Amino acid sequence: QVQLVESGGGLVQPGGSLRLSCAASGFTFTSYTMRWYRQAPGKERELVASITSVGGGTKFADSVKGRFAISRDNYQRTLFLQMLSLKPEDTAVYYCNANGPEGLVEWLKKDYWGQGTQVTVSS
């Protein structure tokens, strides 16, 4: 059974930091691109950051470049999102996503989602 379990969310003041984690099980973690999405109230879900399976190539949304870092521990099957200099507009539910296996055509790939963790940036 596939599971993605996020943790590390919470309430933080503007300028603060948080580290999100996503523990994965039930699929071949090392074959999947891993992503963080977020969804703020009344807004569409948006891609925040992604990291490829082995090479570790990363991409970030313009709104978080220079403030967020994505990493993965393939041995521990865990995805991370380090968030620095948080702003009120970063407030959202953050979701972990696994997409793959890499190398397949898009229509053959699987998409797995966690249930999300709330991040609130407020004074």
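The values are calculated or read from the model by the stated rules, or taken from the named source; none is laboratory data. Given the structure is predicted, the values throughout are model-derived calculations rather than measurements. Glycine also receives a Cβ, built like all others from the backbone with ideal geometry; neighbour counts cover every protein chain displayed. Quick note on the areas: whole protein, heavy atoms, side chains included, nothing else; ligands and nucleic acids left out. Shrake-Rupley method; radii C 1.70, N 1.55, O 1.52, S 1.80 Å.
Miscellaneous remarks
- Selection of segment 65-86 for residues being in contact with a strand residue (DSSP E or B) (Cβ under 6 Å, 6 or more places away or on another chain), within 23 Å of Gly16 (Cβ to Cβ) and not hydroxyl-bearing (Ser, Thr, Tyr) yields Phe68, Ala69, Ile70, Leu79, Phe80, Leu81, Gln82, Met83, Leu86.
- Per-region count, segment 70-116, residues β-branched (Val, Ile, Thr), surrounded by 14 or more Cβ atoms within 10 Å (Cβ to Cβ) and more than 10 Å from the chain's Cα centre (by Cα): 3
- Restricting segment 43-59 to residues that are farther than 19 Å from Thr117 by Cβ and either without any contact (Cβ under 8 Å) to a residue 40 or more places away in the chain or in contact with a helix residue (DSSP H, G or I) (Cβ under 9 Å, 6 or more places away or on another chain) (or both), the residue that is most open to solvent (accessible area, probe 1.4 Å): Lys59
- Pick from segment 3-22, criterion in a strand (DSSP E or B) and surrounded by fewer than 16 Cβ atoms within 10 Å (Cβ to Cβ), ranking: farthest from the chain's Cα centre (by Cα): Leu11
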